[in-house]
Each structure stands twice: as structure tokens, then as C-alpha cells.
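Presented below is the structure to which this report refers.
The values are calculated or read from the model by the stated rules, or taken from the named source; none is laboratory data. Just so it is clear, the structure is predicted and the values come from calculations on it, not from any experiment. Here Cβ is always computed from backbone atoms with ideal geometry, including for glycine, and neighbour counts include all displayed protein chains.
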Amino acid sequence: MFTAVVTDHWLPARAAHVPEEEAFVVVDPDLPANRAVSVVRMEGGPTIVAVSAGQAERIGLDDGETIPAVEATTRIAAAGVALNDPDHLFYLPVEEQEAVAAEGHGIHTRRLTADDAPAFADMVAAAPAHELDEAFVELDHWLVVGTFVDARLAAVGSMYPWGATHLADLGVITLPEFRGRGLARVTVRALSAEALARGYEPQYRCQLDNAPSIALAIAAGFRRFGEWTVIDS
């Protein structure tokens, strides 16, 4: 369903046959402090717990061990390790990637450059501040696509590479007065087509209780891979 870029990043080869209700532990000494504890609950698959060496000792986890997923959560909590609220992880299935790459998006949706700074500034000034913070859309990101209505920038999506991987994390925002027209969907799919053309896999994340964002992900062709939680640093 998903490409190897996605599955190889989240699912170690040695955990491929771990059952759904179990957790597989990966001790990675190279994990940064802000990801020193990472828990991925895969849809229809195992839970992967990645921890730094120090956190593994603190929590009582060994590299390569398989334990019940509930026990992994219990050990983390018992060690006093606080986790952030989880995110949904959405990706485009292989067949949907082909559709995204093949479709056109119209003359009103295009890549943005530094020349679009005035239009972008106007959009930022008109957008709700808390939604801007959550979307994390920036004109200087690796890839930016916008959709215009009557020469006004109505929806913007941006991406940046996810660390050293070929995943590209995306954010999107639509001005309130332009919602309900499918502009965010068009923007996300155009942005995703650009990323795919560059050899990157679009990654869509949102909080579990963000119903509008979940609906947009599904409308744009994404499907849920699982949920991801990291240490509260």
C-alpha cells in the first residue's frame, strides 16, 4: 500500500513479523534529545519504540526485545518520561501517488517564490495566529505552493525534508473566508506532486482530535499509516 520509503523509515526489517499487539524496541544512540523516546503505533502492525541508550537504561528496555505494546507504554510512564500528544501519520498510497503525479491543478495553483512575498505577507496578516502556528507554513521552506482567488493568495502549503530522509513534512492553511471550496485539497495535491517529482514522499501529520485536518488528509488522497508520539522535551 505504501512505498518502501515510508515503511523502511518506521519499520525495522527485524520487526517485520512482530504481531500487531506487540512492541519492538530499537535502541539508537544517535537519536537527538527531542526524539530520545519515540513511539509509532502502526495501523494493522506492531508498535515500534525507538529510544536513546540513556533512555533505554532509564526505562528498562533492551534493543531488539519484543514486549506487549501496553507494557511498553506502562514502562515509559513508570520511568517518569512524559510524551507529547500523538500525531496521526498520513501518506499517499502508491496508486494515489500515480494519480497525483498525473493530474493538472489549474493556473491558479502554482509554486511560490520570493517574488510572492507581498501576497504571502497579506495572507499571514489575515490568517488566525494559532492556525498559522499549527500549520507551520513558511515562504522560505524547501517547497511552497499556493492557490489564488481573484489575485489574492487564499491557500498555501509548504514542505521541508524530514531530517536526512526522503520524507517531506507538509503544512497547509486556507484563509477562513475561502474555506469549503476545495482549495486546500488542490494545494496539497499540487504540493505533493512537486515533492514526488523531486523524489520525496509527502508526509501529512496532525493531532488526533483535529477533525478538519484529518478530513483534508483523506480528501487529498492520504491514508493513515499510524500514530507517532515523541518525548516532551
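Couple of notes before you dig in:
- Boolean, SER233 is modelled with pLDDT under 95, touching a helix residue (DSSP H, G or I) at 6+ places or on another chain (Cβ under 8 Å) and polar (S, T, N, Q): yes
- Wholly within region 1-61, strands (runs of 3 or more DSSP E) carrying at least 2 residues that are touching a residue at least 60 places away in the same chain (Cβ under 8 Å): 37-42
- Candidates GLU177, GLU138, GLU201, GLU194 - the one that is under 13 Å from LEU92 (Cα atoms) and either assigned by TED's automatic domain parsing to the domain that holds VAL100 or touching a Gly at 6+ places or on another chain (Cβ under 9 Å) (or both): GLU201
- Positions within region 93-123 being of a type in the set (Val, Ile, Thr) and either surrounded by fewer than 16 Cβ atoms within 10 Å (Cβ to Cβ) or at pLDDT below 95 (or both), in sequence order: VAL94, ILE107, THR113
- Residues satisfying the stated conditions in region 62-80, i.e. in a loop (DSSP other than H, G, I, E, B) and closer than 20 Å to HIS9 by Cβ: ASP63, GLY64
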